[in-house]
Each structure stands twice: as C-alpha cells, then as structure tokens.
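The values are calculated or read from the model by the stated rules, or taken from the named source; none is laboratory data. What you see is a predicted model, and the numbers here were worked out from it, not measured in a lab. Quick reminder, even Gly has a Cβ in these numbers, built from the backbone with ideal geometry, and neighbours come from all protein chains shown.
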Amino acid sequence: MGLRVLMFGLYILLNAGLLLGSCSPQEVTIAGIVADGRYPYGSLVGIPNATIDYKEESITTDEQGYFNLTLPDDERDPILEIKAPGYIPYYEKPSHMVEGAFHLIPEDLYRGVYLILWNPEHSNPHSRHRKWEQQTEFVIVQTGASKQQIETIINLLATDEYRKMTGGRFTSAVQPTMVDHKPTGHEREGKTVISFAPGIIPGGIAHSEDRNGVINYAEITWDTTQVVDANIFWHEMVHTVTAGGHINEWPSVVSEVQGTGGHVTEKDEQILNCIYNSPPGRAQPAIPSTPIPIVNQTTHGRIRWDEIWRGEIHIIGDIIVEKGFTLTIEPGTKVFIAANQDLENLLDYPLDMRQGIRQELPGPNPDYQGIHPGEPFRDEGHHISILIYGSLHAVGTPEQMITITSDSPTPGIYDWNFFNFDKGVLSYCIMEYYRCFNPGNDTVVSHNILRHVGECAVCFFSGQSALVEYNSISYASHELIGMEDSSPTIRNNDLGPNPKLFGIVIDGGSPEIVNNTIEGCGQGIFFLSPPDAPIIEKNEFLNNTQDISHGYSIK
C-alpha cells in the first residue's frame, strides 16, 4: 500500500508538469500505471503486461500495471502508444494521464463509448469528448414549474445516479439553488440549470457547453405540462455530463429504449467511467485491429471498424457499415429492429423521407420508384435501414439460424425499410417485416427464409448480379424477386405463396432462372420488358393463376 501511495504522489507531480526523476542530465523517467478505464475514480485497476511504445523503445507493465519509461530530456512529453490484449490501443501524452494513469477502453465497451463521444449525429455533427472537471452547482428555475415537478427533481438529484454518470467524481446530492430567472453571462459559469418552458418535446431537452473539452455550463429545459419521469430525467442529464450522444445498452436509463426505474445500469456506469477517466478532448482511437464484439446490446449509427454481432441485438437507428469494413453476424443471433421509429436517421433521399399514403393522381403520375398507390411512403425518418457498403458475413446453420425481424409484438410489412449489402454472404437467416432487400454484385443469398415483405423480397437494379439459391421466399406486397436490367442467378429456390401477386418480375437483363419451384402466385414469372439473353429452364410451376405472362406484345 505504501508503494501505491508513493507512486500516486509521483503521478500527481507528473500531471503538474514536474519531472519524476532524472537518470542523467539528458534523460527523464516517466512513471505511471496503465489502468482499465471501466472502474470509477479512486479505484485504479492496473493492466499487467500492457506495452508502451515510443519510437524504438518498448516497455511492459508489471503485474500491477505500473511502468517506468526513460526518455531524452527534450522529449519528456511525447505521444506514446499504449496497448493491451482485450483493449483498444491508445495514443496519448504522459501529461494527459488521469489520476496518474493511461486508462484503456475495453473492447466490449468501445461501441458504447464511441456512440457518445465520436459518432456524428444530425443534431451533434461535431461530437467530441468533453466532461466536467469540477463539481457543478445545480440551479432550479422555479418559474412555470409546479410544486410537484420541483419536488420530484430535488428528490432525483438527492440520489446516487449523477455520481455514477461522472466516473465517481461529482455528486448531485447537494442543496440546489432556487431562482426565478435563468442566469446569464458569467453567472452561468460552472452551473447546471434546470428550467421549465411550454412546448418542449415530451419530457425535456438538454445540452452542455465546453472550453477545449471541459464543460463549463449545462442545462435541462423541462416541459411545464409534463410529469417529471425519472428515466427521461436521467436520460437528459447524461447529455449535460458528456458530449451528448446516447448510451444504448439494453436496457438503459439513458437510452430511449426501455426504462430501468431511474437507475443507471452497470454497463452505463462502466461506459461513463471510461469517459471520465479520459482527458478532456480525448481523440477517437485508431481503428481496432480485431473485430469489436457486440453481444446482447442495443446499437445504431455508422460502423467504421470490423464488428461481430452475437446474442440478442436491438437496432434502434439506422446502421451504415462503411466501405472496407466487415459486419459478421454469428449463428443463432437474433436481431430485433425497432418498428416504425428511428433514433438516428442517416438517410435523407427526398422520396424516401416522404410521409403519408401514395395517392393515385389523375393523368401521368410522378416516378414514385416502386411505391404503389395506396401504400405508405417509406418515411425514412421514422423507419430503420441497414446499409452495408463494406462486407457482410452472416452465416447461420440449419440448427442455429440467424433472425432479423421487427421488435413489434404485432409486426407488419412496413415496420422497417431497407437491408442492403454490397459484398458477402447471407445464409441460413430468417428475415422478415422489411420493405426491400437489395444484395449487391457477387453476393451470395442462400438457405434463407424471406417473408412478410412490404415491396420486393429480393430486388436487383442496374446490372447487378448475385447468386440466390436454396431460399424459401413468400408473401411480398410486390414480387418475391424483382430485377431491372440485371443478371442474377436464381436457382433451387421455393418461391411462394404470394397470392394474386408476382413470383419473379423480369425487366430486361440476362438472368439465369433454373430449378426453382414457383407456387401459389398470381403470376409465376412476369416479363415486364423483353430480357436480353436469359436462361430460364427446369422450373416447376404449381397452382399459379398464370405461370408465365408478359407486359408487352409478343410477335
């Protein structure tokens, strides 16, 4: 214990900018600890055998995570690379250590930390690390508030949740200052102001202001007509203690998914500890060298690294996997997509954003790109899409199929919008209650169950080709498989039933359609326009109103 106290004193000297010791007039020794960032203030947990690299120099921490690094005197505060198995690599200067330590973010928490600190949102395009460095003064503006609202807020502040949100450093369990008007100018410095106003979105809104990553003012504005709900209150409070992004574990008091009775979850607390164990303005880490596991979690947003989904995954906003990265979905994984909502819309194509029902207009109608009269527009702002511009590796097994479905207890065919992937494999997966599925060139779609679809169950556009085989595809509001100037290989599939509607629609292109069973459709294969050089053979047609039909005259 004495050594630990001595070392901690040396850390404080380092953070004050003083030298820890000199090996010679030309050298300086830096001492510290590499610690696990998930633990709160005062609970340093060292990481043994972590490495610290600088130029050609590399050292390893001892069993308690301590290190000593000797550097030239003129390079006493360089950027070091700190690494350990199971943690995200960290690049930082010794002068930016917190509590005398470099705190590493565990791999299984990285996604949550990223969503809060670095994930750009429409409402927060420049999301960056920021935090309080001092105890804030809580101020309640009484004007417009009911007695019950004020009493509820005072009681909530008296709990331990704020301490959990600030890495164990600060508390809200202090007597708040009661005022009639919001402070302005320099009077706001160091305060968290809770006020009331009419016309606020259900619950409240919140934000924080900072200087170089150090928060100096925060506020919550609550609707005067709304009861103060503990879950929503703490959700808004988290926006006042950090960058403003959302923690989306399941369940989580600071998510918009499912309440916990007004308590920060253990995973929330660990994520926020990582944030408060970081120096103000901590940069986004380099892309992890190994895939990030997402296990039994809730998520959304852009993915700029390789990622693995496992267990139960709840999607509450658009997912975009950037080019060059791979999303892996493991066998038996169940992906639940929030129905008719989108916490973070990442798509803004005007037609897809349109709301309401498409009406049949007199005369020529605009090009609604596949939306039929009487169908709802895609309303992308309130419907989730998953777009994989990188690669997908979603390969289940016959015994452990992957499931991608709506989270609604009464699901419908318009619950979520698009599932698209540019490269890779989707195999042994049940996917349902979506609007449109578009596999890209040279993709493989095999051994899946695709059903209950708002538009086309599998769609191909503009020269795309893919292998679609051994799938069961049924019940789509348009066609089961549609292709426009495309040349996919469609073989050995069970297509149907799709009563009164289409099995396969061909609009040009050179598809290969072989050995499929097409059953219970209005029209088995419908040629919307003449194909170029199709191969259509050995297909079995059963109980269709028409097996093959054409939308043009055949001479």
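Set side by side, the residues S510, S446, S487, S462 differ, and just one is of a type in the set (S, T, Y), in the same structural domain as H393 (by TED's automatic domain parsing) and either at positive phi or without any contact (Cβ under 8 Å) to a residue 60 or more places away in the chain (or both), which is S446.
A residue that is over 20 Å from A466 (Cα atoms), in the same structural domain as L467 (by TED's automatic domain parsing), not in a strand (DSSP E or B) and not small (G, A, S) occurs somewhere in region 493-500.
Among the residues making up region 356-367, those that are surrounded by fewer than 14 Cβ atoms within 10 Å (Cβ to Cβ) and under 22 Å from I413 (Cβ atoms) are G356, I357, Q359, E360.
Which of the residues spanning region 151-189 are of a type in the set (A, V, I, L, M) and in contact (Cβ under 8 Å) with a residue 24 or more places away in the chain? Scanning region 151-189 gives I153, L156, M165, V174, M178, V179. Of the residues making up region 290-312, not a single one is buried (at least 22 other Cβ atoms within 10 Å of the Cβ), part of a loop (DSSP other than H, G, I, E, B), of a type in the set (K, R) and not assigned by TED's automatic domain parsing to the domain that holds N216.
Residue-by-condition table, conditions (1) at pLDDT 95 or above; (2) under 20 Å from E307 (Cα atoms):
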residue	(1), (2)
P366	no, no
E380	yes, no
H383	yes, no
L387	yes, yes
H393	yes, yes
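Residue by residue, here is whether (1) modelled with pLDDT of 95 or more; (2) in a loop (DSSP other than H, G, I, E, B); (3) over 17 Å from the mean Cα position of the chain (by Cα); (4) over 19 Å from T326 (Cβ atoms) holds:
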residue	(1), (2), (3), (4)
E360	no, yes, yes, yes
G374	no, yes, yes, yes
P409	yes, yes, yes, yes
I413	yes, yes, yes, yes
K423	yes, no, yes, no
C436	yes, no, yes, yes
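Can you tell me which condition A283 does not meet? The list is (1) buried (at least 17 other Cβ atoms within 10 Å of the Cβ); (2) closer than 24 Å to I320 by Cβ; (3) in contact with a strand residue (DSSP E or B) (Cβ under 8 Å, 6 or more places away or on another chain), and all the others hold. Here A283 clears every test but (1). From the list E133, E57, the one residue that fits, being within 21 Å of N277 (Cα to Cα) and of a type in the set (D, E), is E133. Could you list all residues from region 146-189 that are out of contact with any strand residue (DSSP E or B) (no Cβ under 7 Å at 6 or more places or on another chain) and among the hydroxyl-bearing types (S, T, Y)? Selection gives S146, T152, T159, Y162, T166, T171, T184.
Flag not set for E322, criterion: modelled with pLDDT under 90, assigned by TED's automatic domain parsing to the domain that holds Y433 and more than 25 Å from Q400 (Cα to Cα).
Among residues of region 360-388 that are of a type in the set (K, R), none has a beta-carbon under 8 Å from a residue that is loosely packed, with under 14 Cβ neighbours inside 10 Å and in a loop (DSSP other than H, G, I, E, B) at least six positions away or on a different chain. Residue-level analysis places A158 outside the set of residues that are modelled with pLDDT of 95 or more and touching a Gly at 6+ places or on another chain (Cβ under 8 Å).
Looking only at region 218-230, residues that are over 18 Å from S127 (Cβ atoms) and outside any loop (DSSP other than H, G, I, E, B) come to 6 in all. Among the residues of region 454-468, the one identified as surrounded by 19 or more Cβ atoms within 10 Å (Cβ to Cβ) and more than 18 Å from D507 (Cβ to Cβ) is G454.
Looking at the structure I just gave you, is N273 in contact with a strand residue (DSSP E or B) (Cβ under 7 Å, 6 or more places away or on another chain) and either within 28 Å of R163 (Cα to Cα) or outside the structural domain of G244 (by TED's automatic domain parsing) (or both)? Against the criterion (in contact with a strand residue (DSSP E or B) (Cβ under 7 Å, 6 or more places away or on another chain) and either within 28 Å of R163 (Cα to Cα) or outside the structural domain of G244 (by TED's automatic domain parsing) (or both)), N273 does not qualify. Screening region 67-120 for residues that are closer than 19 Å to I33 by Cβ and of a type in the set (S, T, N, Q) and picking the one that is surrounded by the most Cβ atoms within 10 Å (Cβ to Cβ) gives N68. Condition check: at pLDDT 95 or above and either closer than 21 Å to T166 by Cβ or surrounded by fewer than 17 Cβ atoms within 10 Å (Cβ to Cβ) (or both). Does N248 satisfy that? No, not satisfied.
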